[in-house]
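Participant: Submitted below is the structure of interest, expressed as structure tokens.
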Amino acid sequence: MQHLVVISHGMWGSAKDVTNLALAIEQAFGNDCKTLLSRSNTMLNTYHGIDACGQRLYSEVQAALMDSSFDRISFVGFSAGGLFCKFCVGLMQRDGWFSKIMPVNFVTAATPHLGVRREGGGWFANLFNSGTSWALYRSGQQMVLADNYHNQEPLLAYMTNPDSSFFQGLKLFARICFFANTCFDRTVPYHTASARVNNPYREGNSTLLQEAPSLKQFPHILATDDSLKLLSQAQESWGIVKGRINHWGH
């Protein structure tokens, strides 16, 4: 029996974007694992809506599962691909697939689980929300929560409903892991990629990891002693460069 790992790229992407990841997974786990790279949501097809992309991904997964050699399944989604995977999981739950195959890992990287809508009502927020909705068509509307998917509720909000098949399906996975950039990701900030209310790596206006007082108490994978040392060295180098720039300016 084999483990099927479904991998989905993000907006404007293609299977080529995640080919190296698929190769690394197969090399690491050998014959026990087989990867499925989504090919139905290539490039402009990603504009058609999270639901449409999720439905197409589900069709690919169903076709793969016709091979009865699979007894486990995992999902890996990059950016919007994580939302496509989540929608697919909801359809699998609705149709009873998880009584036939074991859900193991659900992993996303830089996926806007809470959408990308900017709040505040200022000119930038209004421009960003309307621009995203226009530029990315249905997918953009859904990501800025401007759609009415279920009883006047946006799709991303409905997918967090504990009674929905999306939420119920996700709960069945043995491991759920959301990878998020701690800072400097303007499109998919930490809170939406990690599905958290606050960013523990950033306090006040601080954007540098070592400036956050709570950093050492918070479990993480990024700020090891070595990485903090490298970050400190980078800051010192930048300070030297900035000093030279100021000197030349005078």
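Participant: Using the Karplus curve 6.51 cos²θ - 1.76 cosθ + 1.60 with θ = phi - 60°, what ³J(HN,Hα) values do you get for each residue of the stretch 33-42, in whole Hz, with x for Gly and Pro?
Facilitator: Listing the rounded values in order: 10, 9, 9, 10, 8, 4, 10, 8, 10, 6 Hz.
Participant: Quote the accessible area belonging to Glu60 in square angstrom, nearest 10, computed with a 1.4 Å probe and with ligands, DNA and RNA left uncounted.
Facilitator: Counting only protein heavy atoms, the figure is 40 Å².
Participant: What's the extension gain from Ala157 to Val197 if we count 0.36 nm per residue and subtract their Cα-Cα distance? Don't skip to the end; give the middle numbers.
Facilitator: Numbers: separation 40, 0.36 × 40 = 14.40 nm, distance 1.46 nm.
Residue separation times 0.36 nm, minus the Cα-Cα distance, leaves 12.9 nm.
Participant: Roughly how big is the stretch 66-162's charge dipole about its Cα centre, with Cβ charges of +1 (Lys, Arg) and -1 (Asp, Glu), in debye to the nearest 20? Walk me through the numbers before you get to the answer.
Facilitator: Values: 7 positive and 6 negative charges, 17 e Å.
In total the dipole reaches around 80 debye.
Participant: Follow-up question, since we're still on this one. Which semi-axis lengths, in whole Å and largest first, follow from the square roots of five times the eigenvalues of the Cα gyration tensor of the stretch 28-101? Mind dumping the intermediate values first?
Facilitator: Values: eigenvalues 90, 45, 22 Å².
So the three semi-axes of the stretch 28-101 are 21, 15, 10 Å.
The values are calculated or read from the model by the stated rules, or taken from the named source; none is laboratory data. Everything numeric here is computed off the predicted structure, so don't read it as measured data. Cβ: placed from backbone, ideal geometry, glycine included. Neighbour counts: every protein chain shown. We work out accessible area using only protein heavy atoms, side chains counted, and drop any ligands, DNA or RNA first. Shrake-Rupley method; radii C 1.70, N 1.55, O 1.52, S 1.80 Å.
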